Amino acid sequence: MIITEYGRKLGEKEWEQCIDMLLSSRHVVLTTHMNSDGDGLGSEVALAAVLRSLGKDVSIVNPTEVPSNYTFLKEIADIGVFDDTSEEAIGEIALADLVVLLDANLRERMGAIWNHVGFARELGGLKVLCIDHHLDPEDFADLMICETYASSTGELIYDLVTAIGARLGREMITPGVAEGLYVALMTDTGSFRFPKTTPYVYRIAGDLVEKGADPNEIYDRVYNSLRPEALRLLGAALSEIRLVEDGAVSWLFISQEMLKTTGSKLFDTDLIIKYLLSVGSVRIAVLMVELPDGRTKVSFRSRGDIYVNEIAKRYGGGGHKNAAGCLLQYAPDKAVRVVMDDVRLFLNGRDISTS
Ligand SMILES: [Mn+2]
């Protein structure tokens, strides 16, 4: 179990071990975290297309369904995305000699898929590789590339694919690969605005556009493809946003009832969090969503040097400095009380690790 955290752009040498693992495998399964996003999905289809062009058998098996605004990615690499309840998906994992987790660094982020992966790994013959950019990796894979400097997992996959191309002496970035990676970069940088949008990220984006990614079309497909139900949810949610702590904290609770009334789905809530941070005075934004099983999904966002992943960590979650999340076992009332108490203490510079 090796965790690499170089903290800077990886050179060809540093990708070597990762490339060896990929090149020596025959049947690869790619997966990403629950409630997949553009970074995880875009990285998956890009890496899948590259590995396929090298003659590998590649499947994508995800723990939760693909949000409707990303289903166009399925066509890019001509690869099906299964959910973990299908026999076919479980069969794919049983056949695999390498499972690659993208855009997550904790086992539990794979949901039920880890049960199958962990089991197959214990039987022997299955290796696990993790490529990610979140803080606080858990040591569970054979090799973990965990680089928090990266704007996105897509940025790391770009470097990996470039290193593969250098080793094999051929161009690996087809228009499909470029499109997947562009989706990953665009979504995780908030359309090239977030703090980790370095000059290098713009250079990669330029290269991807040169190699066939269409920024206008991709933006339209990802952001202007809302279902009417999502718009109804947005309307209902905006009017419920609360500002507390003199406007330094914004929060919102979305109940199952609100999802039902508006006809929206869990993944429709993803578009709401940015509005919580759209008020200039807000330092910490908290979005809580009641899940069908009664648990509460919490997403944190922050401005500047506020490490909201520290709050998420208390509840077994994690993420980035300015974007993190966790799952609470508590029912809504208690979840709101507990989380908002923590946020208040945290904002005021108190140590919450012992509270
Ligand atoms: Mn990401």
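The values are calculated or read from the model by the stated rules, or taken from the named source; none is laboratory data. Keep in mind the model is a prediction, meaning the values are calculated, not measured. Every residue, glycine as well, gets a Cβ built from its backbone with ideal geometry; the counts of neighbours run over all protein chains shown.
With a requirement of 3 or more residues that are in the same structural domain as THR198 (by TED's automatic domain parsing) and at pLDDT 95 or above, the helices (runs of 4 or more DSSP H) lying completely within the range 1-81 that satisfy it span 12-23, 38-53. Only a single item in (1) within 16 Å of the ligand (Cβ to nearest atom); (2) in contact (Cβ under 8 Å) with a residue 40 or more places away in the chain; (3) in contact with a helix residue (DSSP H, G or I) (Cβ under 7 Å, 6 or more places away or on another chain); (4) hydrophobic (A, V, I, L, M, F, W, C) is not met by PHE267, and it is number (3). Remark: pairs (first residue in the range 25-51, basic (Lys, Arg); second residue surrounded by fewer than 24 Cβ atoms within 10 Å (Cβ to Cβ); Cβ separation under 8 Å; 6+ apart in sequence or on different chains) = ARG26/LYS56; ARG26/ASP57; ARG26/ASP97.
Inside the range 222-241, can you point out the residues that are at pLDDT 95 or above, of a type outside the set (A, V, I, L, M, F, W, C) and out of contact with any Ser or Thr (no Cβ under 7 Å at 6 or more places or on another chain)? Passing the criteria: GLY235, SER239, GLU240. Of all positions in the range 70-81, at least one carries a residue that is within 22 Å of PHE267 (Cβ to Cβ), polar (S, T, N, Q) and free of Cβ contacts under 8 Å to residues at least 12 places away in the same chain.
Every residue in the range 149-185 that is touching a residue at least 24 places away in the same chain (Cβ under 8 Å), more than 15 Å from the ligand (Cβ to nearest atom) and among the hydroxyl-bearing types (Ser, Thr, Tyr), please. Across the range 149-185, the qualifying residue is only THR174. Of the helices (runs of 4 or more DSSP H) lying entirely inside the range 128-218, those containing at least 1 residues that are touching a helix residue (DSSP H, G or I) at 6+ places or on another chain (Cβ under 8 Å) and either among the basic types (Lys, Arg) or closer than 30 Å to GLY316 by Cβ (or both) are 153-168, 175-188. Annotation: GLU240 fulfils all but one of (1) in contact with a Leu (Cβ under 7 Å, 6 or more places away or on another chain); (2) in the same structural domain as HIS134 (by TED's automatic domain parsing); (3) over 16 Å from ASP159 (Cβ atoms); the unmet one is (2). Within the option set ILE218, ILE145, being surrounded by 14 or more Cβ atoms within 10 Å (Cβ to Cβ) and closer than 24 Å to ASP270 by Cβ holds for one residue only, ILE218. Filter the range 108-125 down to the residues that are surrounded by fewer than 23 Cβ atoms within 10 Å (Cβ to Cβ) and either part of a loop (DSSP other than H, G, I, E, B) or touching an Asp or Glu at 6+ places or on another chain (Cβ under 6 Å) (or both) and list them by number. Across the range 108-125, the qualifying residues are GLY111, ALA112, GLY124, GLY125.
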